[in-house]
Amino acid sequence: ITRSMFKFLKEKLKNWAGKISKHQEKEIREEEIKESRKKIIKETAKDEKKESFFERIKGKISRVKISEKEFEVYSEELEMLLIENNVALEVSQKIINELREKVIGKEFLRKEIESEIKDNLKEIIENILVEPFSIVEKIREKMSDQAKEPYVILFCGINGTGKTTTIAKIADHLKRNGITCVLAASDTFRAASIEQIKKHGEKLGIRVISQDYGADPAAVAFDAIKYAKRNFINCVLIDTAGRMHTAKNLIREIEKISKVCKPDLKIFVGESITGNDIIEQAKSFDWALNIDGIVLTKADIDEKGGTALSVGYILKKPILYLGTGQEYNKIEVFDKQKFIEKLGL
Ligand code: GDP
């Protein structure tokens, strides 16, 4: 009996030990999870505390005494800051060189150093950004022509940047300004793109001209222009396939659309959050089409703000609109002064 009881007890103990260690394991695991959660929360809070681009510049400015040697140290920091915030290397160097010319060798009162540098930076950025024009005014000018030809806008850009949504937003914006529109579904390449633009058209009460997948995009655009002429529509907005800028055949195709339709305006749509990638995209489209203006989408989720400077400077073309959300009314006419104010200058 003793032996079997002992065995029984031993087994019980083993069982308990197992349970206890499992329980401890569970507790330890829960503790670990709690700890890692705390860590994540702490890190997120730290991230949120990160100062914005120009707040950090401001901080640095107040500590800077301007001598040639110190400017070098400061300019290295400024360059890093600009690059971290999506300003292309080429553009950061231009900003720094101009700033160097403006501030070195000049005498500033110590208390004015910060405001002097800020003013100089502001001036440099103002000069980098080309003054935007109003699409509404351009269309109205053409509307007052005797010929009554529609104003044609061709949109280009890679997939997923928000090109189709931007077209719908601009069409809605024009409609609100008393300008009638028709949309050309010239992205006959990507599955679902025709349905996508038709859906926007239905929601906005705007006619979409389309053909089947694989149809010649230039022919679709040409049809839309014909439709606009016949029906006295003021403006034709042409959606195109979101080609990669490296896909030469697709770039050639958009050149053809441009040659056939002779658009009044060629707009490049790019994501403000893309960083440096947008530069190569914009350069290729500009090289193929000689674009007239830029729309930067997703500005609502871009905390950095440097893309506008980069793309504006590299193309020397104006930014016309900023996309600021997914809804149709989330589009803002680009305002240089407002942009600079937002940078904290
Ligand atoms: P496309 O492939 O370039 O035609 O891109 P789409 O128009 O289909 O847009 C891709 C995604 O980006 C969609 O989910 C849009 O709602 C979203 N989008 C477009 N513009 C903006 C914007 O300004 N802000 C935000 N947050 N999302 C946007």
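The values are calculated or read from the model by the stated rules, or taken from the named source; none is laboratory data. On a predicted model such as this, the values are computed, not experimentally measured, just so you know. Positions of Cβ are generated from backbone atoms using ideal geometry, with glycine treated the same way; all protein chains shown enter the neighbour counts. To get the accessible areas, we keep the full protein, side chains included, count just its heavy atoms, and leave off ligands, DNA and RNA. Shrake-Rupley method; radii C 1.70, N 1.55, O 1.52, S 1.80 Å.
Here segment 272-292 is the region considered, the condition is being closer than 20 Å to residue 133 by Cβ and over 14 Å from the mean Cα position of the chain (by Cα), and the residue that is most open to solvent (accessible area, probe 1.4 Å) is 290. For segment 254-345, the strands (runs of 3 or more DSSP E) that sit wholly inside it and include 3 or more residues that are among the aliphatic types (A, V, I, L, M) are 265-271, 293-297, 319-323.
Of all residues in segment 262-271, those satisfying the criterion of being open to solvent by 10 Å² or more (accessible area, probe 1.4 Å) and closer than 19 Å to residue 235 by Cβ are 262, 263, 264, 266.
For segment 251-260, state whether one or more residues are touching a strand residue (DSSP E or B) at 6+ places or on another chain (Cβ under 7 Å), among the polar types (S, T, N, Q) and surrounded by fewer than 23 Cβ atoms within 10 Å (Cβ to Cβ). Yes, segment 251-260 contains at least one residue that is touching a strand residue (DSSP E or B) at 6+ places or on another chain (Cβ under 7 Å), among the polar types (S, T, N, Q) and surrounded by fewer than 23 Cβ atoms within 10 Å (Cβ to Cβ).
Screening residue 259 on (1) touching a Leu at 6+ places or on another chain (Cβ under 8 Å); (2) over 30 Å from residue 84 (Cβ atoms); (3) away from the ligand (no atom under 15 Å from the Cβ) shows it passes everything except condition (1).
When the residues of segment 293-308 are filtered to those that are open to solvent by 50 Å² or more (accessible area, probe 1.4 Å) and over 15 Å from residue 88 (Cβ atoms), the one that is farthest from the ligand (Cβ to nearest atom) is 303. Checked against (1) out of contact with any helix residue (DSSP H, G or I) (no Cβ under 8 Å at 6 or more places or on another chain); (2) open to solvent by less than 40 Å² (accessible area, probe 1.4 Å); (3) under 22 Å from residue 297 (Cα atoms), residue 215 passes all but a single condition, namely (3). When residue 112 is tested against (1) assigned to a helix (DSSP H, G or I); (2) at pLDDT 90 or above, exactly one condition is not met: (2). When the test is whether a residue is outside any helix (DSSP H, G or I) and either among the basic types (Lys, Arg) or under 20 Å from residue 147 (Cβ atoms) (or both), residue 225 does not pass it. Criterion applied to 87, 130 was being among the β-branched types (Val, Ile, Thr), in contact with a Pro (Cβ under 9 Å, 6 or more places away or on another chain) and either modelled with pLDDT under 90 or within 24 Å of residue 287 (Cα to Cα) (or both), and the one residue passing it is 130. Looking only at residues of segment 167-183 that are of a type in the set (A, V, I, L, M) and within 14 Å of the ligand (Cβ to nearest atom), we find that the one that is farthest from residue 323 (Cα to Cα) is 183.
Residues that are over 30 Å from residue 199 (Cα atoms) and under 13 Å from the mean Cα position of the chain (by Cα) were ranked within segment 309-337; the one that is nearest to the ligand (Cβ to nearest atom) is 311.
Against the list (1) within 16 Å of the ligand (Cβ to nearest atom); (2) free of Cβ contacts under 8 Å to residues at least 24 places away in the same chain; (3) within 24 Å of residue 133 (Cα to Cα), the condition residue 247 fails is (3).
Looking across segment 95-107, the residues that are modelled with pLDDT of 90 or more and either open to solvent by less than 20 Å² (accessible area, probe 1.4 Å) or under 22 Å from the mean Cα position of the chain (by Cα) (or both) come down to 95, 96, 99. Inside segment 167-183, residues that are without any contact (Cβ under 8 Å) to a residue 60 or more places away in the chain and surrounded by fewer than 22 Cβ atoms within 10 Å (Cβ to Cβ) make up a count of 6. If I ask for residues that are within 16 Å of the ligand (Cβ to nearest atom), open to solvent by 10 Å² or more (accessible area, probe 1.4 Å) and of a type in the set (A, V, I, L, M), which ones from segment 108-166 would you list? Selection gives 158 alone.
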